[in-house]
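The values are calculated or read from the model by the stated rules, or taken from the named source; none is laboratory data. If you're wondering where the values come from, they're calculated on a predicted model, not measured in any experiment. Neighbour counts are summed over all protein chains in view; Cβ atoms, including those assigned to glycine, are modelled from backbone coordinates with ideal geometry.
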Amino acid sequence: GQCVAVCPTGALSEVDNTRKVIAALVDPLKTVIVQTAPAVRAALGEEFGMEPGTLVTGKMVSALKKIGFDKVFDTDFAADLTIMEEGTELLSRLKRHLAGDKDVKLPILTSCCPGWVNFFESNFPDLLDVPSTAKSPQQMFGAIAKSYLAEQMGIRRDEMVVVSVMPCLAKKYESGRPEFAVNGNPDVDLSISTRELAQMIKGANLNFEELDDEVFDNPMGESTGAGVIFANTGGVIEAAVRTAYEIHTQKKLAKVDFDVLRGFDGIRSAEVDFDGLVVKIGIAHGLGNARKLLEDVQAGRSSFHAIEIMACPGGCIGGGGQPYHHGDTSVLKKRAAAIYREDAGKAIRKSHENPFIVKLYQEYLGEPGGSLSHRLLHTHYFDKKKKVEINND
Ligand code: SF4
């Protein structure tokens, strides 16, 4: 670490991880890297009096570098990686299903939201084999950072500290799940919220609005528009469709924007034509809406092939770690529009075209869904209901 500007005696409140982050930054034996989730850049500016919907990606990177992180990377890179793994899984399950394989469970459910994962582990333990086994972008990032990147940097995993900046309080819990550690060393060491990052920036006496734009480091800072839209309800499945369509049809999409998957209705559905194969998609945000879709799956009434679920209203842009929006949906809509603007402005907008993702598979992982990918990038789920019952006995 090479902390230059953070005052550790700054007014830090809440139960937060910022002190631990600062302790890592001042530890000369640690290399401290940070990843920032897509939703953070569309809301962080609000903590500094900027209008909702102001994109502050470059200022955020600049602030993190000034605070003293050794490398500033992007969770969006890992979102692209998630799409490679989840998109491949979707296509494989779909093909086997269409070929009449009765062992294949459909719909496939997205698995990147720990609020949602906790919910189904506790409430729908009979459906544990339905969600995608792909880890969330936060956890994929940590797993690759502490293997591939640590090797490249010539350091041991316990010399690296991975910090995540998340719109989400459930991400703190997710990073602490024991299955996401190797010999007790977690893939993601510390997760802080958007609000906690704002506190750190204020504690470092940085004039956020005046900061020049800076760019993420590589190799784990390059992302596509598909990685960016993970922040919005409907965005994960749109990103998956962009990649799954091109892999399945071997054709280029004429238009990468899927307006049918966007919007704010709590439950939405759409059909996307994969060149003759009609893929039926469901989307829910908010756990009450998720429960309705899940009850249909449980009862065998669901006709969807794939379902995206996000626990928070609006998706991660409305996460519990974001600047307070006091239930004002117009704030969420402005953040969502900012995310779609960032996507539209990206030179590359499909995860499988991210050159660093292509390189990662060529140099290290092999194939999506291959054995190393499975070990590093996939997970399994637990029956939390049973555990509670056993504990009560
Ligand atoms: Fe976290 Fe909410 Fe996003 Fe889920 S939807 S990952 S709980 S911020």
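Details
- Enumeration of residues in region 114-146 that are outside any helix (DSSP H, G or I) and of a type in the set (Gly, Ala, Ser): SER132, ALA134, SER136
- Some residue of region 86-101 being in the same structural domain as ALA240 (by TED's automatic domain parsing), more than 25 Å from LYS171 (Cα to Cα), outside any helix (DSSP H, G or I) and not hydrophobic (A, V, I, L, M, F, W, C): yes
- Complete set of residues in region 205-223 that are more than 18 Å from SER164 (Cα to Cα) and either in contact with a Pro (Cβ under 6 Å, 6 or more places away or on another chain) or not aromatic (Phe, Trp, Tyr) (or both): ASN205, LEU206, ASN207, GLU209, GLU210, LEU211, ASP212, ASP213, GLU214
- Single residue of region 308-319 satisfying the filter (in a loop (DSSP other than H, G, I, E, B) and in contact with a Cys (Cβ under 7 Å, 6 or more places away or on another chain)) that is nearest to ARG195 (Cα to Cα): GLY319
- Residues (in contact (Cβ under 8 Å) with a residue 60 or more places away in the chain and of a type in the set (D, E, K, R)) located in region 368-382: none
- Residue in region 344-360 that is surrounded by 12 or more Cβ atoms within 10 Å (Cβ to Cβ), within 16 Å of the ligand (Cβ to nearest atom) and either of a type outside the set (Phe, Trp, Tyr) or in contact (Cβ under 8 Å) with a residue 60 or more places away in the chain (or both) present: no
- Set side by side, the residues GLU246, GLU196 differ, and just one is within 21 Å of the chain's Cα centre (by Cα), among the acidic types (Asp, Glu) and not in a loop (DSSP other than H, G, I, E, B), which is GLU196.
- The set of residues from region 258-307 being charged (D, E, K, R), in a strand (DSSP E or B) and either buried (at least 18 other Cβ atoms within 10 Å of the Cβ) or within 21 Å of the chain's Cα centre (by Cα) (or both) comprises just one member, ARG268.
- Taking region 171-189 as the range and being surrounded by 22 or more Cβ atoms within 10 Å (Cβ to Cβ) and within 16 Å of the ligand (Cβ to nearest atom) as the test, the residues that pass are LYS171, GLU174, SER175, VAL188.
- Test: residue in region 1-17 that is at pLDDT 95 or above and among the hydroxyl-bearing types (Ser, Thr, Tyr): no
- Criterion: in contact with a Ser or Thr (Cβ under 7 Å, 6 or more places away or on another chain) and either more than 16 Å from the ligand (Cβ to nearest atom) or within 28 Å of MET200 (Cβ to Cβ) (or both) - qualifying residue of GLU151, GLU159, GLU86: GLU159
- Only listed residue being outside the structural domain of LYS333 (by TED's automatic domain parsing), at pLDDT 95 or above and more than 22 Å from GLY58 (Cβ to Cβ), chosen from ASP189, ASP217: ASP189
- Boolean, ARG335 is within 21 Å of ALA39 (Cβ to Cβ), more than 14 Å from the ligand (Cβ to nearest atom) and of a type in the set (Lys, Arg): no
- Scanning region 263-321 for residues that are touching an Asp or Glu at 6+ places or on another chain (Cβ under 6 Å) and more than 15 Å from the ligand (Cβ to nearest atom) yields VAL278, LYS280, SER302.
Conditions tested, residue by residue: (1) surrounded by 24 or more Cβ atoms within 10 Å (Cβ to Cβ); (2) within 22 Å of GLY282 (Cα to Cα).
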residue: VAL61; (1), (2): yes, no
residue: LYS71; (1), (2): no, no
residue: THR82; (1), (2): yes, yes
residue: LEU90; (1), (2): yes, yes
residue: LYS95; (1), (2): no, yes
residue: LYS105; (1), (2): no, yes
residue: PHE119; (1), (2): no, yes
residue: SER122; (1), (2): no, yes
residue: LEU128; (1), (2): no, yes
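- Residues being away from the ligand (no atom under 16 Å from the Cβ), more than 13 Å from the chain's Cα centre (by Cα) and in a helix (DSSP H, G or I) are entirely absent from region 103-112.
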